[in-house]
Amino acid sequence: MSLSDYAARMALHFRPVEPRDHAVTREIVDAAFTPEDVAGFLDALRAAGCLIGEWLAEDESGVVGHIGFSRAHLERSDGERLPAAFLTPLGVRPERQRQGVGLALMRHALDRLEQGGENLYFVIGHATYYPKVGFRTVAFDEVASPWTGSPAFMMRCAFAPRGRLLAPPVIRDAH
Ligand SMILES: CC(C)(COP(=O)(O)OP(=O)(O)OC[C@H]1O[C@@H](n2cnc3c(N)ncnc32)[C@H](O)[C@@H]1OP(=O)(O)O)[C@@H](O)C(=O)NCCC(=O)NCCS
């Protein structure tokens, strides 16, 4: 079964986060990540104005997943800064995990960001999960960052970027 069939079967739909959703997204993130305080991290991203996009996945039971992207930049050796979108956090309600929600939500969010002109993405996460939506581990000679060399540090782009990652301090300090 394809993911879109799966999403249709589960009657999943997606929408951008609005301020009135902040409490429920906090609850989802808490449930997905406990005992890690990722809800506090999300609050810090929001307070620092880092986020460029946040979406929810909902079904008939309510909100089941949340994803956020923050503005980062890739600074090239000539000083030019390319905008990038840093994926963090992504959380799915524990009872709805491993049913395709996370991948469907990521695909939706990446489509929307691409429509808005984004073409370079970074994530730090499960090295066997994010390649399912086009991420790959960053090579040593590509992007300098505190995480380069870890298989968990991945990017998604259709070109071959070289440079130094400038990530928001909230993300740098949390990872
Ligand atoms: C990680 C997470 C977002 C994935 O969402 P999900 O809806 O459970 O995942 P999906 O059902 O879309 O995943 C489908 C595929 O990814 C795999 N997958 C799911 N979670 C995975 C994980 N943590 N590590 C590796 N692979 C994973 C599944 O096995 C499945 O693969 P398959 O189709 O080959 O069997 C979710 O499990 C979660 O919220 N976990 C706790 C918080 C967390 O770790 N967030 C990510 C931080 S990097």
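For the chain, what is the calculated [θ] at 222 nm in deg cm²/dmol (nearest 500), taking -39500 (n - 2.57) for each run of four or more DSSP H residues and dividing by its residue count?
Helix contribution divided over all residues of the chain: -8500 deg cm²/dmol.
Tell me, what HN-Hα J-couplings in whole Hz come from the Karplus equation 6.51 cos²θ - 1.76 cosθ + 1.60 at θ = phi - 60° for each residue of region 84-92, using x for Gly and Pro?
Per residue, the Karplus-derived 3J(HN,Hα) values read 9, 10, 9, 7, 4, x, 10, x, 10 Hz.
Among His13, His175, His66, what is the fewest-to-most ranking by other Cβ atoms within 10 Å?
His13, His175, His66
Can you give me the three principal axis dimensions of region 14-94 from its C-alpha atoms, in Å, biggest first?
Each principal axis gives a Cα extent; for region 14-94 these are 50, 26, 20 Å.
Could I have the simple spin-label model distance between Gln97 and Thr137, label points 7 Å from Cα toward Cβ, reported in nm to one decimal?
2.3
Which parts of region 37-71 would a label at Arg20 reach, counting a residue when its backbone N lies under 15 Å from a point 7 Å out along Cα-to-Cβ?
63
Quick one: compute the contact order of the chain, relative version, from alpha carbon pairs under 8 angstrom and 6+ residues apart, as a percent.
21
Report P(r) for the chain: all Cα-Cα distances, bin width 5 Å, range 0 to the bin holding the largest distance, values in whole percent.
1, 8, 18, 21, 21, 15, 9, 4, 1, 0, 0
Quick one: order Thr137, Thr25, Thr128 by neighbouring beta-carbon count within 10 Å, fewest to most.
Lowest to highest Cβ neighbour count: Thr128, Thr137, Thr25.
So how far apart, in nm, are the two label points at Leu166 and Ala127 if each is 7 Å from Cα heading toward Cβ?
Here the modelled spin labels are 3.0 nm apart.
Between Leu74 and residues 5 or more places away or on another chain, which pairs have amide H atoms under 5 Å apart, with H built 1.01 Å from N, and which residues are they?
Those lying under 5 Å, H to H, from Leu74 are Leu82, Ala84, Leu166.
Using a 10 Å cut-off around each Cβ, can you sort Cys157, Cys50 from fewest to most neighbouring Cβ atoms?
Neighbour counts put them in this order, fewest first: Cys157, Cys50.
Bear in mind these aren't lab numbers, they're just calculated from the coordinates by the rules spelled out. These figures come from a predicted structure and were not determined experimentally. So basically every Cβ, Gly included, is an ideal-geometry build from the backbone, and we count neighbours across all protein chains shown.
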